[in-house]
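Note sheet for the following structure.
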Amino acid sequence: MTRNAMWMVLLTVLMACERRAPETARLPFEAPPGERVVVEVLNASGIRGLARSGTIHLRRKGIDVVAYGTADTAVASTLVLVRRGEGDGARRVVRALGTGTVVIAVDTLRRVDITVLLGPDYVPPVTPRP
């Protein structure tokens with residue numbers, strides 16, 4: 001068998017094995033079309049691991065968290081800062097978190113719609129481990 005023939009067989013097998021989800025299939029945590037909110041989550045509580053827990057929780061709720069880390073300052077309670085847009089996304093983030101105060105804090109240098117400063121009032125939901 002020639003080298004070209006082997007590549008053609010391999011390509012044919014790979015194409016036959018490829019599975020595609022139906023166009024209408026959606027993951028249960030996917031945000032509805034047109035409602036994408038780009039968020040960064042910062043731990044401003046001093047509680048270790050809170051930003052990561054908050055990120056996982058928000059992603060499961062269909063919110064696009066693109067970055068997480070530690071804030072430079074501490075807050076007494078969770079703040080949801082609107083960086084771009086009208087604030088509809090901020091209300092959605094507050095509903096998903098179960099806590100938070102929306103504050104308009106436009107920052108054209110940030111590439112996110114919302115900045116979440118997690119305070120000690122945020123308690124991540126307990127999820128069972130596999």
Filter the range 70-88 down to residues that are among the small types (Gly, Ala, Ser) and under 11 Å from Thr115 (Cα atoms), then give me how many there are. 1
Hey, could you check the range 76-99 for residues that are in a loop (DSSP other than H, G, I, E, B) and β-branched (Val, Ile, Thr) and say which is most open to solvent (accessible area, probe 1.4 Å)? Thr99
Inter-residue pairs, beta-carbon under 6 Å, first within 19 Å of Asp121 (Cα to Cα) and in the range 82-101, second among the hydrophobic types (A, V, I, L, M, F, W, C) and assigned to a helix (DSSP H, G or I), 6+ apart: Ala96/Leu58; Gly100/Val94
Provide a single number: the residues in the range 60-70 that are open to solvent by 90 Å² or more (accessible area, probe 1.4 Å) and either touching a helix residue (DSSP H, G or I) at 6+ places or on another chain (Cβ under 8 Å) or modelled with pLDDT of 95 or more (or both). 3
Filter the range 40-55 for residues that are in a helix (DSSP H, G or I) and crowded, with 16+ Cβ neighbours inside 10 Å; which is farthest from the chain's Cα centre (by Cα)? Leu50
Given the condition at pLDDT 95 or above, open to solvent by 50 Å² or more (accessible area, probe 1.4 Å) and of a type in the set (S, T, N, Q), answer yes or no: does some residue in the range 100-120 qualify? yes
Based on this model, can you work out whether Thr73 counts as loosely packed, with under 10 Cβ neighbours inside 10 Å and either within 13 Å of the chain's Cα centre (by Cα) or at pLDDT 90 or above (or both)? yes
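The values are calculated or read from the model by the stated rules, or taken from the named source; none is laboratory data. Note that the structure is predicted; figures quoted are calculated from it, not measured. Don't worry about glycine lacking a Cβ; one is built from the backbone with ideal geometry, like all the others, and counts go over all protein chains shown. Calculation scope for accessible area: heavy atoms of the full protein, side chains included, ligands and nucleic acids excluded. Shrake-Rupley method; radii C 1.70, N 1.55, O 1.52, S 1.80 Å.
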